[in-house]
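S.K.: Here you go, one structure.
The values are calculated or read from the model by the stated rules, or taken from the named source; none is laboratory data. Here the structure is a predicted model, which is why all the values come from computation and not from measurement. Every residue, glycine among them, receives a Cβ derived from its backbone with ideal geometry; neighbour counts consider all protein chains shown. The accessibility values were calculated without ligands, DNA or RNA, using every heavy atom of the protein model including side chains. Shrake-Rupley method; radii C 1.70, N 1.55, O 1.52, S 1.80 Å.
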Amino acid sequence: QQNARIIVVSHGQANDPFWSVVKNGVAAAGQDMKVQVDYRAPETFDMVAMSQLIDAAVNQKPAGLIVSIPDASALGPSIQKAVAAGIPVISMNSGSDVSKKLGALLHVGQDELDAGKAAGAKLKEMGGKVGLCVNHEVGNVSLDLRCKGFAEGFGGKVTVLPVSNDPADIRAKVKAALASDGSVDTIMALGASLAGEPTVAAVKDAGKTGSVKVASFDLSANFLKAVSAGEAAFAIDQQQYLQGYLPVVFLALNAKYGLIPGGDVPSGPNLITKDKAAQVVELSAKGIR
Amino acid sequence: MTDVSHPTAPAAPVPPGPAAKPARDERLREVSLLTRIMRRPELGALAGLVLVTLFFLSTADASMFTLAGLMNILAPAAQLGILAIAAALLMIGGEFDLSIGSMVAFAGLIFGAFLTLTGWPLLVAIAATFAVAAFLGGLNGQIVIRTKLPSFIVTLAFLFILRGLSLVGLKWATGGSTQMRGIGERAGEGIVREIFSGNALEGLFAWLAAHDVIARFPNGTPTVTGVPVSIVWFVLFAAAATWVLLRTRAGNWIFAAGGDANAARNSGVPVDRVKTGLFMLTACAAALVAVLTVLDAGSTDSRRGFQKEFEAIIAAVIGGCLLTGGYGSAIGAFFGAIIFGMVSIGLTYTRFDSDWFQVFLGAMLLLAVLFNNFIRRKVTGER
Amino acid sequence: MTDVSHPTAPAAPVPPGPAAKPARDERLREVSLLTRIMRRPELGALAGLVLVTLFFLSTADASMFTLAGLMNILAPAAQLGILAIAAALLMIGGEFDLSIGSMVAFAGLIFGAFLTLTGWPLLVAIAATFAVAAFLGGLNGQIVIRTKLPSFIVTLAFLFILRGLSLVGLKWATGGSTQMRGIGERAGEGIVREIFSGNALEGLFAWLAAHDVIARFPNGTPTVTGVPVSIVWFVLFAAAATWVLLRTRAGNWIFAAGGDANAARNSGVPVDRVKTGLFMLTACAAALVAVLTVLDAGSTDSRRGFQKEFEAIIAAVIGGCLLTGGYGSAIGAFFGAIIFGMVSIGLTYTRFDSDWFQVFLGAMLLLAVLFNNFIRRKVTGER
Amino acid sequence: MSDTAPLIDIRNLVKHFGSVIALSGVSLTVNRGEVMCLLGDNGAGKSTLIKTLAGVHKPTSGEFLVEGRHVSFSSPRDALDAGIATVYQDLAMIPLMSVTRNFFMGREPVKGVWPFRYIDFDRCNAVTREEMHRIGIDVRDPNQAVGTLSGGERQCVAIARAVYFGAKVLILDEPTSALGVAQTSMVLKYIHQVRSKGLGVIFITHNVRHAYAVGDRFTVLNRGKTLGTYTKSEIAIDELQNLMAGGKELQVLSADLGGMV
Amino acid sequence: MSDTAPLIDIRNLVKHFGSVIALSGVSLTVNRGEVMCLLGDNGAGKSTLIKTLAGVHKPTSGEFLVEGRHVSFSSPRDALDAGIATVYQDLAMIPLMSVTRNFFMGREPVKGVWPFRYIDFDRCNAVTREEMHRIGIDVRDPNQAVGTLSGGERQCVAIARAVYFGAKVLILDEPTSALGVAQTSMVLKYIHQVRSKGLGVIFITHNVRHAYAVGDRFTVLNRGKTLGTYTKSEIAIDELQNLMAGGKELQVLSADLGGMV
Ligand SMILES: Nc1ncnc2c1ncn2[C@@H]1O[C@H](COP(=O)(O)OP(=O)(O)OP(=O)(O)O)[C@@H](O)[C@H]1O
Ligand SMILES: Nc1ncnc2c1ncn2[C@@H]1O[C@H](COP(=O)(O)OP(=O)(O)OP(=O)(O)O)[C@@H](O)[C@H]1O
Ligand SMILES: [Mg+2]
Ligand SMILES: [Mg+2]
């Protein structure tokens, strides 16, 4: 008998460190539950392309569909079409507010905005006054939301620093920003391996380790090491492995036994500070956290 | 001259015959129809398309080649294709426009702003969007022509500028967000809306579904409710562009301007006007894609059209356009866009791990062009 | 012939004079040294650099033009510049390589793998990385030459393939992560390491700091501890490439191959060998950047070098290379990379709202090239 | 416009390219029904001069009158509209385009109503084939790319095109350089015909015999300056030949050359 | 290699371009110290033939022997190495490069030790200036781009280059087409000199007087076929002229043309 097939369509590319963990969760759940899983994402943050990928998934009539919903207007019609076609849909990562309305069974994950707020509040508590948000993909709505949430939770003055995907560029720009505005005391990076690590290096270059607090979204082994060494304050973990793993499990169980949980599952946020960092490093190096 | 005998020994000159329709020239070999067809740049990309189709027929889920699956492939191909055809015309005319991707975002923003902020009716908003796009395209063209700088660098500057303005404008228009929603509701219904969004031929498809020609979902709605209008626009644009290139004066001027701008100018072709017109056309094509996608999605964001300039050039090159200008075709870009769309959507119908996606995309593109090249050489006997 | 009188009325032919070193040709106007300098493609980009510098001098924070600030601008410019110079040579030779960005990621992966998985010593790992890169570059070149397909499309396929392979390879090597770390520790210390990472001239800078020539941090360490080796590589590579282009046989062949491959071939230039060599060189430049960045950061990830091919071409074009080949310079690409680096880093030293970043980037690029063009025409009197 | 004014009258024309002085004060007139031969050594400035007349270059200084009126062409199209048709030395052809498309480039005959006007390619092909045949070239296929034609065939396309579209003035820059014997004689005959229709012709050649055969007046350029203008009656063929060489010694090789190269 | 074998011997050479038959069986020999004139109408296939000899095109069929040995060139470099130097009708120059760089392209003299070998540009410039002067062109500046030279000046660069680098066989495809009187006579003198050094020369021209002045034997092509080969003693100049026209009627215009164009 053929295994049930579950398709995941997200807005994050397979080579994005954050999403690669989600994908690992998906794959692991597929193996554990003995279902076929397929992970699909557009090549860039492109809502039009993503809606087309959902359409393509619907055509293949899977046993379940898992989507992230960064733009409800653009993706709504495709998701509704999936629901109309009788495919059980679970949303994950983004779109907790619209998930029910579009007909998804439940939502696994946590809003970027809330995560940002939590991080901002924590940094404010640590005494931050002037903040910098290092954004490596301005215009990517989920990253913009992280920055926005950070600014809201932080309360103080926050400047967005747009950077490219290149570590050398990020390092130089953070250094430049620190040199030109001496009052900056808090830096939030939106991705640990891409932006967080060069930011730590830049702060070190500028001789401000300790006086400037660095925090980052997501995890990477090197960044966690910096946290445990006291060079960075903390990392925000959405436990995105769960965002990949749980929906697959739910849908597999749904396909087998018709089971489904009764409510949304919040997967984070979870602040990894100095005391916890060391334990997480190895898991992060394997792409689980 | 055709009836003159060709002596192999010295002979008195023979008076030339009448300029009659030449019968058979001994200096030409017979060529098959196939050879003559394959020699046209218009049809070169066809071989690549066939190869790609065969590949997916043998590896992909059967649902890919259902009616719904095909529409699903054509929808993104159509949006890319509209840009690719315009980019192809511009490339044939000897220039590049790297700003079309950003123009999609920018035109989407101003279209959204016209609808939601100024509250103009749909038709006026669309017309104004096209006007702004044409103006910006013309500006690009004028800068290129007056400064004689490569269009690559000028339009690259506009790539950044327009992308940046889209971000600033969106934040300004929405009060801080990079996403503008609710455009669909403001557009209202009516004939103009139907031309730019939704499906064409809905009646026909409903009828077909009712008679079970088209598959239906469990709840009874047909899997395909019509042909998305973007596909209609795509096909019409390809047909019009092909006709213009091959049959009209403007087409001749485009080839000439791209083939050798100096020679063309010396022969009396108004090269500067042609190029400016082409820049305006590409910008308008980007605006069309913006209007189609914004009405379709009901929202716009500052990443719309990201890297589409690149994909459009790829599609045009797959379709046989030369980067150096003066050679290529609109119908080639048409097939190029379909190949590109089919490869990128098609892989989701196969069982390959998505980590391998880019490897496959690259390999398929290379194979498609190699095959197409191989077939053409085989058939025409070129070396 | 130079001493022949030029009568304005019929006169008997005058025998030609000896082929002496010509004194003064009445068919040439005097030109100033400045004109002669500005006419060189090598120095065109200088005007743009001056403009950009002036702009930042008047708008940016003073810390931008401290020693630390300049090193900070040059470090990313150096990495881009190494790619840009190689891309410029290839463009002069008439081809593109869109795969260099992906090659940075791929070379980083295999370099990391050689070090951490096979445990080779640093020197061997670096040599092997260069060998693999050269092989892949040569493969690109051979495909382009044999199939006569545009290099744009062939290397585009490799852009996707190598990027995809980097992801797959990283996940395989790390057991699921997109980042490979611990490379720095495995590299060990030693002379080879010092050539490819860290700072040069550390002793000199420490001495300077001790004598208060260089600013120090509150804790006493100098703000600049040396010149990053990537900058040294950048300068040396620019010098070597310029010398090769202008003074050697290979340089002449590169210009010829790009100017008109057919004419060059007909004159006996081994065009295919030249082009293959250039493809290998660009791939090796990408590998060099990979080694430098991997040793610097101690880790590599699948997004390294993303879109660097694009930026390298931008820098080369700012520096005066023609996209059509046969014209340009390495030193121009050198300045182009510095302009690009200065504009993109410099804006963070100013007080402009960061939402406007891309608008400024685009506008500054356009202004720099326009200004450079304007100055050249003014000085040389060209129209 | 006065009917007695020369068709073309240029006075003291100067043209610099950056530091290069290509023309340093050239004067010239062309009248109706006259063939003016422009002669001179390689690099004398002949092509530069006629490119200035054809609107390709803007003169650095000097006056340019067409039918007695001052003109300043901003593009070759202006010159074409003013009735000056030119065969350039580099032919101004697009190698990748077909013979027919090159023939009609810039002056395509269209059919149908706007915006559905299209080029009447059947007629164009027929005209091209016939005009090429008239000049002595038997085109295999008018859709062949010009880049694959032989040098002489290509030159014939340029000449046939200029002659076909008629004009007030026909400028021919070394039109016979790559032509065969038959084609050359045909072009000389064309020049004859065009002159008798009352057009003015500027004919550039290095072949003194061709010049003497069809020319009415001869202007000799040397190193960017006019060496003088002579009517046919004023000058003998070998005198002209000496002038053309611009003061260079001739290598007389063989009696067969008869002093004339 | 036998010393009596002709330098070049081609037998029944056929060349097709797709559907176009450019050569349909041509045979030809060139001996040491002989000038072989290749004559024929426009489009007869002369350039195609010599491009096949020069390694640019691969023949579709037919034999090609150099000094009695079968050869098959895979690139023009092979032909150059075999001692065949060619002046192409399209000159094979790179417009954006300087005169000197074009002159020495592919055969640059280098100085210094590897890997620091560099081109000796001072010497190159001096040689270029001198060789151009010899042919009758006074180059303003050897660093000027070839694209800004006049048509004749450019042709002289190509000829001077081929002659300078010597060879066993010199192929000249319409070398004098754009040349002035003085330059033409110089090129004819060169051909003379080269022949007396024992090299073989293939000289293509449409000027029967030039051909007759320097040629030893004449091969006439027509529509891709050999019309015949004649030694100078076998054929008179006007007979040759008639053959060259390839059976086309000549427009005799004026007595000045004297029947010979
Ligand atoms: N664009 C340019 N830039 C610099 N110099 C130029 C340019 N165009 C022409 N020249 C120079 O001007 C001079 C005159 O060139 P022109 O082409 O007018 O000569 P010509 O009389 O037509 O010679 P030919 O008989 O060989 O065709 C030449 O020496 C040439 O080098
Ligand atoms: N690459 C090609 N593709 C197709 N046809 C070609 C190609 N090259 C040459 N031909 C054709 O072959 C014929 C012979 O051309 P070729 O250039 O050899 O003539 P030619 O004798 O040198 O003439 P001319 O005296 O005008 O230079 C021409 O009719 C031309 O159209
Ligand atoms: Mg000339
Ligand atoms: Mg020829």
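S.K.: Identify, by number, the condition in (1) of a type outside the set (S, T, N, Q); (2) away from ligand 1 (no atom under 16 Å from the Cβ); (3) at pLDDT 90 or above that residue E:87 doesn't meet.
M.R.: The single condition residue E:87 does not satisfy is (2).
S.K.: Return the residue satisfying two criteria in turn: it lies in segment D:45-70 and is open to solvent by 40 Å² or more (accessible area, probe 1.4 Å) and away from chain B (no Cβ under 14 Å), and of such residues it is nearest to ligand 3 (Cβ to nearest atom).
M.R.: The qualifying residue nearest to ligand 3 (Cβ to nearest atom) is D:59.
S.K.: On the given criteria, is residue D:246 within 12 Å of chain E (Cβ to nearest Cβ) and touching a helix residue (DSSP H, G or I) at 6+ places or on another chain (Cβ under 8 Å)?
M.R.: The answer is yes for residue D:246.
S.K.: How many of the residues making up segment B:190-222 are surrounded by 13 or more Cβ atoms within 10 Å (Cβ to Cβ), of a type in the set (D, E, K, R) and over 27 Å from the mean Cα position of the chain (by Cα)?
M.R.: 1
S.K.: For segment A:267-289, give me each residue that is closer than 18 Å to residue A:245 by Cα, away from every other protein chain (no Cβ under 14 Å) and free of Cβ contacts under 8 Å to residues at least 40 places away in the same chain.
M.R.: Within segment A:267-289, A:270 is the sole residue that qualifies.
S.K.: Among all residue pairs at least 6 apart or on different chains, which show Cβ distances below 7 Å where the first residue, located in segment A:199-224, is at the interface with chain C (Cβ under 8 Å from one of its Cβ atoms) and the second is part of a loop (DSSP other than H, G, I, E, B) and surrounded by fewer than 22 Cβ atoms within 10 Å (Cβ to Cβ)?
M.R.: Going by the 7 Å Cβ cut-off, the qualifying pairs are A:207/C:217; A:207/C:219; A:207/C:221.
For (1) without any contact (Cβ under 8 Å) to a residue 24 or more places away in the chain; (2) within 12 Å of ligand 2 (Cβ to nearest atom), each residue gets a yes or a no:
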position: E:22; (1), (2): no, yes
position: E:27; (1), (2): no, no
position: E:40; (1), (2): no, yes
position: E:49; (1), (2): no, yes
position: E:66; (1), (2): no, no
position: E:78; (1), (2): yes, no
position: E:87; (1), (2): no, no
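S.K.: Among residues belonging to segment C:338-348 that are more than 8 Å from every other protein chain (Cβ to nearest Cβ) and among the β-branched types (Val, Ile, Thr), point out the one that is surrounded by the fewest Cβ atoms within 10 Å (Cβ to Cβ).
M.R.: C:343
S.K.: Please indicate, with yes or no, whether at least one residue in segment C:354-366 is more than 9 Å from chain B (Cβ to nearest Cβ) and part of a helix (DSSP H, G or I).
M.R.: yes
S.K.: Among the residues in segment E:197-212, are any small (Gly, Ala, Ser) and open to solvent by 30 Å² or more (accessible area, probe 1.4 Å)?
M.R.: Yes, segment E:197-212 contains a residue that is small (Gly, Ala, Ser) and open to solvent by 30 Å² or more (accessible area, probe 1.4 Å).
S.K.: Quick one: what pairs do we get from segment C:315-327, first residue away from chain E (no Cβ under 14 Å) and hydrophobic (A, V, I, L, M, F, W, C), second open to solvent by 30 Å² or more (accessible area, probe 1.4 Å) and in a loop (DSSP other than H, G, I, E, B), C-beta under 8 Å, 6+ apart or different chains?
M.R.: Partner pairs satisfying both residue conditions: C:317/B:150; C:317/C:323.
Residue by residue, here is whether (1) within 26 Å of residue A:167 (Cα to Cα); (2) in a helix (DSSP H, G or I); (3) within 18 Å of the chain's Cα centre (by Cα); (4) within 9 Å of another protein chain (Cβ to nearest Cβ) holds:
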position	(1), (2), (3), (4)
C:234	yes, yes, yes, no
C:263	no, yes, no, yes
C:275	no, yes, yes, no
C:283	yes, yes, yes, no
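S.K.: I need a count of the residues in segment D:9-25 that are more than 14 Å from ligand 3 (Cβ to nearest atom) and within 19 Å of residue D:243 (Cα to Cα).
M.R.: The total comes to 2.
S.K.: Could you check segment E:151-162 and list, in sequence order, the residues that are in contact with a strand residue (DSSP E or B) (Cβ under 9 Å, 6 or more places away or on another chain) and within 14 Å of ligand 3 (Cβ to nearest atom)?
M.R.: Those that are in contact with a strand residue (DSSP E or B) (Cβ under 9 Å, 6 or more places away or on another chain) and within 14 Å of ligand 3 (Cβ to nearest atom): E:151, E:155.
S.K.: Please work out which one of (1) at the interface with another protein chain (Cβ under 9 Å from one of its Cβ atoms); (2) at positive phi; (3) not aliphatic (A, V, I, L, M) is the condition residue D:88 fails and give its number.
M.R.: Failed condition: (2).
S.K.: Here's a follow-up. Name the residues in segment A:65-98 that are within 11 Å of chain B (Cβ to nearest Cβ) and among the small types (Gly, Ala, Ser), would you?
M.R.: Once the filter is applied, which keeps residues that are within 11 Å of chain B (Cβ to nearest Cβ) and among the small types (Gly, Ala, Ser), segment A:65-98 yields A:72, A:73, A:74, A:76, A:78, A:82, A:84, A:85, A:86.
S.K.: Further question on the same structure: Does residue C:304 count as free of Cβ contacts under 8 Å to residues at least 40 places away in the same chain and at the interface with another protein chain (Cβ under 8 Å from one of its Cβ atoms)?
M.R.: Taking the combined requirement at face value, the residue does not satisfy it.
S.K.: Filter segment E:163-173 down to residues that are out of contact with any helix residue (DSSP H, G or I) (no Cβ under 6 Å at 6 or more places or on another chain) and open to solvent by 10 Å² or more (accessible area, probe 1.4 Å) and give me whichever is farthest from ligand 3 (Cβ to nearest atom).
M.R.: Looking at the filtered set, the residue picked out is E:168.
S.K.: Let me ask something else about it. Would you confirm, using the coordinates I've provided, whether residue C:135 is loosely packed, with under 15 Cβ neighbours inside 10 Å and under 30 Å from residue B:319 (Cα atoms)? Write out each step before concluding.
M.R.: Details: loosely packed, with under 15 Cβ neighbours inside 10 Å: yes; under 30 Å from residue B:319 (Cα atoms): yes.
Yes.
For every residue, the table says whether it meets (1) surrounded by fewer than 24 Cβ atoms within 10 Å (Cβ to Cβ); (2) at pLDDT 90 or above; (3) closer than 30 Å to residue E:162 by Cβ.
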{"position": "C:265", "(1), (2), (3)": "yes, yes, yes"}
{"position": "C:294", "(1), (2), (3)": "no, yes, no"}
{"position": "C:302", "(1), (2), (3)": "no, no, no"}
{"position": "C:309", "(1), (2), (3)": "no, yes, no"}
{"position": "C:319", "(1), (2), (3)": "no, no, no"}
{"position": "C:323", "(1), (2), (3)": "yes, no, no"}
{"position": "C:331", "(1), (2), (3)": "no, yes, no"}
{"position": "C:336", "(1), (2), (3)": "no, yes, no"}
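Let's see how each residue does on (1) free of Cβ contacts under 8 Å to residues at least 60 places away in the same chain; (2) among the acidic types (Asp, Glu); (3) more than 7 Å from every other protein chain (Cβ to nearest Cβ); (4) within 16 Å of ligand 2 (Cβ to nearest atom):
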site: D:106; (1), (2), (3), (4): yes, no, no, no
site: D:115; (1), (2), (3), (4): yes, no, yes, no
site: D:120; (1), (2), (3), (4): yes, yes, yes, no
site: D:143; (1), (2), (3), (4): yes, no, yes, yes
site: D:149; (1), (2), (3), (4): yes, no, yes, yes
site: D:160; (1), (2), (3), (4): yes, no, yes, yes
site: D:168; (1), (2), (3), (4): no, no, yes, no
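S.K.: Could you tell me which residue of segment D:130-158 is nearest to ligand 4 (Cβ to nearest atom), considering only residues that are small (Gly, Ala, Ser), over 11 Å from residue D:91 (Cβ atoms) and surrounded by fewer than 23 Cβ atoms within 10 Å (Cβ to Cβ)?
M.R.: It comes out as D:150.
S.K.: Restricting attention to segment A:42-61, which residues are in contact with a strand residue (DSSP E or B) (Cβ under 8 Å, 6 or more places away or on another chain) and open to solvent by 10 Å² or more (accessible area, probe 1.4 Å)?
M.R.: If the condition is that a residue be in contact with a strand residue (DSSP E or B) (Cβ under 8 Å, 6 or more places away or on another chain) and open to solvent by 10 Å² or more (accessible area, probe 1.4 Å), then A:53, A:60 are the ones that fit.
S.K.: Criterion first (of a type outside the set (D, E, K, R) and under 12 Å from the mean Cα position of the chain (by Cα)) does residue C:321 satisfy it? I'd like the intermediate steps shown before the answer.
M.R.: Numbers: of a type outside the set (D, E, K, R): yes; under 12 Å from the mean Cα position of the chain (by Cα): yes.
Yes; evaluated as a whole, the condition is true for this residue.
S.K.: Can you give me the number of residues within segment A:107-138 that are in contact (Cβ under 8 Å) with a residue 40 or more places away in the chain, surrounded by fewer than 20 Cβ atoms within 10 Å (Cβ to Cβ) and farther than 15 Å from residue A:159 by Cα?
M.R.: Of the residues in that region, 4 qualify.
S.K.: Moving to a separate point now. Is it fair to say residue D:10 is touching a strand residue (DSSP E or B) at 6+ places or on another chain (Cβ under 6 Å) and either crowded, with 17+ Cβ neighbours inside 10 Å or of a type in the set (S, T, N, Q) (or both)?
M.R.: In short, yes.
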